[in-house]
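Below is one structure, written out as structure tokens; the observations come after it.
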């Protein structure tokens, strides 16, 4: 009789242990799924905000590229940083070489590059590459605008000290070279945005975000 009790007790103990393992594995699986959902949702909210900014101002940003200094490039920079996620960066275009603005801008650029990498890892093809590319182009465009603004500021300060023609200033400062580099970055951003729209990336990415 005692042996039977020992047998059943051992069996119950074994079953309980197995159930505990199964429940633990399931809890881990659900926790991982929830964590992935939160990462995807957070990334989507950020990138969706940037896409929205570009879409709102694209007619101005995609205007004809003029072969002359762009003294209002700071306005375009501000347009592309005019949301809760990016708004602190608008100050750097006004104070491009001052702290803490320069350091904060560098940190935000690194954050955007990390976001592009994360998007490629947590989403599936093709939206991971589409959104990853858009974020990369966005970061580069902001940086090229920032670099160009530094040149413009130096030209204006030099002209205040010694008035010169545009041509004379362009011989001293690499305005045209920096402007063309900036235009190239803006064109790549335009192409990456068009790819998002053409492939209906927003519809596809929301499917990946949902918990299954």
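Count, please, the residues in segment 62-74 that happen to be under 18 Å from residue 190 (Cα atoms), surrounded by fewer than 18 Cβ atoms within 10 Å (Cβ to Cβ) and within 25 Å of the chain's Cα centre (by Cα).
Of the residues in segment 62-74, 3 are under 18 Å from residue 190 (Cα atoms), surrounded by fewer than 18 Cβ atoms within 10 Å (Cβ to Cβ) and within 25 Å of the chain's Cα centre (by Cα).
What number of residues in segment 71-93 are farther than 18 Å from residue 179 by Cα and free of Cβ contacts under 8 Å to residues at least 24 places away in the same chain?
Final tally of qualifying residues: 4.
Can you go through 182, 155, 186, 145 and tell me which one is surrounded by 14 or more Cβ atoms within 10 Å (Cβ to Cβ) and over 20 Å from residue 62 (Cα atoms)?
On inspection, the qualifying residue turns out to be 155.
Which members of segment 157-186 meet the condition of being closer than 25 Å to residue 89 by Cβ and free of Cβ contacts under 8 Å to residues at least 60 places away in the same chain?
If the condition is that a residue be closer than 25 Å to residue 89 by Cβ and free of Cβ contacts under 8 Å to residues at least 60 places away in the same chain, then 157, 173, 174, 177, 178, 180, 181, 184, 185 are the ones that fit.
Just checking, does segment 118-138 include any residue being under 23 Å from residue 66 (Cβ atoms), modelled with pLDDT of 95 or more and touching a helix residue (DSSP H, G or I) at 6+ places or on another chain (Cβ under 8 Å)?
yes
Within segment 192-208, is there a residue that is over 17 Å from the mean Cα position of the chain (by Cα), crowded, with 16+ Cβ neighbours inside 10 Å and within 23 Å of residue 75 (Cα to Cα)?
No; the residues of segment 192-208 include none that is over 17 Å from the mean Cα position of the chain (by Cα), crowded, with 16+ Cβ neighbours inside 10 Å and within 23 Å of residue 75 (Cα to Cα).
Among the residues of segment 75-84 satisfying the criterion of being touching a helix residue (DSSP H, G or I) at 6+ places or on another chain (Cβ under 8 Å) and surrounded by fewer than 17 Cβ atoms within 10 Å (Cβ to Cβ), which is farthest from residue 137 (Cα to Cα)?
The selected residue is 84.
If we keep just the residues of segment 109-155 that are in contact (Cβ under 8 Å) with a residue 12 or more places away in the chain and farther than 25 Å from residue 194 by Cβ, which is nearest to the chain's Cα centre (by Cα)?
Per the criteria, the residue is 149.
Scan segment 35-57 and give yes if some residue there is exposed (fewer than 12 other Cβ atoms within 10 Å of the Cβ), in a helix (DSSP H, G or I) and modelled with pLDDT under 85, otherwise no.
yes
The values are calculated or read from the model by the stated rules, or taken from the named source; none is laboratory data. Since the structure is predicted, the reported quantities are computational estimates derived from the model, not experimental observations. Note that we place each Cβ from the backbone using ideal geometry, even for glycine, and neighbour counts take in every protein chain shown.
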